[in-house]
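Inspection log for the structure reproduced underneath, given as structure tokens.
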Amino acid sequence: MPRHRAYGRGMKAEPIPIDVGGRSLKISSPAKVMFPAAGVTKEELVRYYIAVGDGICAALRDRPTTLRRFPDGIEGEAFFQKRVPAGAPDWVQQVRIQFPSGRYAEEVCPTEPAVFAWAANLGTVEFHPWPVRRPDVDHPDELRIDFDPQPGTTFADAVRAAKAAREVLESAGCTGFPKTSGGRGVHVTVPIAAEWTFTQVRRSVIALGRELNRRLPDLVTVDWWKEERGQRVFIDFNQAARDRTMAAVYSVRATPQATVSAPVTWDELDSVEPLDCTVRSMPERFASVPDPRAGIEKAVGRLDALLEMADADERDHGLGDMPYPPEYPKMPGEPKRVQPSRARPASG
């Protein structure tokens with residue numbers, strides 16, 4: 001890790017020039033504390049993204065990517081930057097994406113490791129990529145599953161749910177690659193052929209979640225309304241909707257300990273703890289441990305079997321679509337977005 005620089009009161013830290021893949025950059029305000037509890041500075045954050053640059057770039061190359069910025073550190077105000085920041089270097093490429101509202105935006109499209117160092121210097125802590133690559137930004141090439149522990153459940157519960165999902169995915173001809181979320185949850189990435197729409201991919205996640213609920217009803221839920229979830233792991237199917245994203249593999253998370261969303265093998269998932277993977281520990285692991293995502297580009301699966309499960313749910317059990325988030329336009333076949341406890345009973 002970089003040595004810490006001491007600055008006297010009233011002294012302004014000089015920018016630090018760095019070279020990333022032949023790009024000349026500067027770390028401004030290098031001593032700014034971004035994570036007060038852990039004491040992680042902006043310089044450490046930037047250098048972290050340089051250390052794992054090849055890994056995060058391989059995962060995000062050519063993907064529209066939203067920047068979650070914390071200009072004053074994680075205890076300050078944060079915002080999601082969905083458009084290329086003003087003043088971006090001309091080598092920071094961009095791609096046009098469409099929001100559910102129908103509006104468009106030019107979003108950052110990483111193509112080289114220097115992009116992550118540049119963005120980190122702007123206070124970007126988290127990178128949230130779309131599950132698509134240019135030029136086809138309307139057909140996901142990844143199915144992403146978010147195992148979100150609800151109050152009363154733990155990371156170990158999310159691990160158990162994820163391993164059960166692995167069995168369902170394999171029976172459907174798909175291969176999942178797990179990672180820690182950087183918080184209490186687990187994320188699984190499934191590479192797929194870019195042949196289906198966001199709606200179909202989301203429908204596949206719903207079908208997977210419902211099958212897990214049937215197998216493990218006391219552990220897994222797909223209930224959208226929090227009042228119905230109970231102490232179970234929620235399969236957040238709406239993370240597969242257009243413009244909804246999850247933190248990237250190797251992305252730092254805005255947690256007090258500066259944790260990282262870390263790729264792991266299925267065998268490691270039983271023993272890893274979220275706090276094992278931080279800005280300060282991850283570079284050594286990245287440099288010394290074989291990439292858990294090796295071969296992901298060759299493990300491309302298809303959604304036919306999961307979509308058949310969705311058809312069977314609707315045909316045999318009357319289980320159709322699920323509610324979208326409130327900011328989305330009303331979708332065809334979507335049930336009412338009414339919290340069950342507030343729904344009016346049908347008039348007789």
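Looking at Thr221, Thr189, can you tell me which residue is touching a Phe, Trp or Tyr at 6+ places or on another chain (Cβ under 8 Å), closer than 22 Å to Phe177 by Cβ and modelled with pLDDT of 95 or more? It would help to see each step written out before you state the result.
Numbers: Thr221 fails: closer than 22 Å to Phe177 by Cβ.
Answer to the check: Thr189.
Among (1) more than 30 Å from Pro30 (Cβ to Cβ); (2) not in a helix (DSSP H, G or I), which single condition is Ala156 missing?
Answer for Ala156: the failing condition is (2).
Go through the range 182-207 and give me each residue that's touching a helix residue (DSSP H, G or I) at 6+ places or on another chain (Cβ under 6 Å) and either assigned to a helix (DSSP H, G or I) or surrounded by fewer than 17 Cβ atoms within 10 Å (Cβ to Cβ) (or both).
Val201, Arg202, Arg203, Ser204, Val205, Ile206, Ala207
Here's a check for you: in the range 227-260, which residue that is outside any helix (DSSP H, G or I) and among the aromatic types (Phe, Trp, Tyr) is farthest from Val115 (Cα to Cα)? Let's see the steps before the verdict.
Restricting attention to the range 227-260, the residues satisfying the condition of being outside any helix (DSSP H, G or I) are 230-236, 241-260.
Subsequent filtering for residues that are among the aromatic types (Phe, Trp, Tyr) retains 234, 250.
Details: Phe234: 33, Tyr250: 14 Å.
Step by step, filter the range 227-260, then rank; the result is Phe234.
Please name all residue pairs, on different chains or six or more residues apart, with Cβ atoms under 8 Å, provided the first residue is in the range 103-115 and is without any contact (Cβ under 8 Å) to a residue 24 or more places away in the chain and the second residue is assigned to a loop (DSSP other than H, G, I, E, B).
From residues that are without any contact (Cβ under 8 Å) to a residue 24 or more places away in the chain, the pairs are Ala105/Lys82; Ala105/Arg83; Ala105/Phe99; Glu106/Arg83; Glu106/Val84.
Exactly one condition in (1) under 30 Å from Pro256 (Cα atoms); (2) out of contact with any helix residue (DSSP H, G or I) (no Cβ under 6 Å at 6 or more places or on another chain); (3) touching a residue at least 12 places away in the same chain (Cβ under 8 Å) is false for Arg166; which is it?
(1)
Being outside any strand (DSSP E or B), among the hydrophobic types (A, V, I, L, M, F, W, C), touching a Leu at 6+ places or on another chain (Cβ under 9 Å) and buried (at least 18 other Cβ atoms within 10 Å of the Cβ), is that true of even one residue in the range 31-52?
Looking for residues that are outside any strand (DSSP E or B), among the hydrophobic types (A, V, I, L, M, F, W, C), touching a Leu at 6+ places or on another chain (Cβ under 9 Å) and buried (at least 18 other Cβ atoms within 10 Å of the Cβ), one finds at least one in the range 31-52, hence yes.
Residues in the range 296-337 that are closer than 17 Å to Leu169 by Cβ, part of a loop (DSSP other than H, G, I, E, B) and among the charged types (D, E, K, R): how many?
1
The values are calculated or read from the model by the stated rules, or taken from the named source; none is laboratory data. Everything numeric here is computed off the predicted structure, so don't read it as measured data. Positions of Cβ are backbone-derived with ideal geometry, glycine not excepted, and every protein chain shown enters the neighbour counts.
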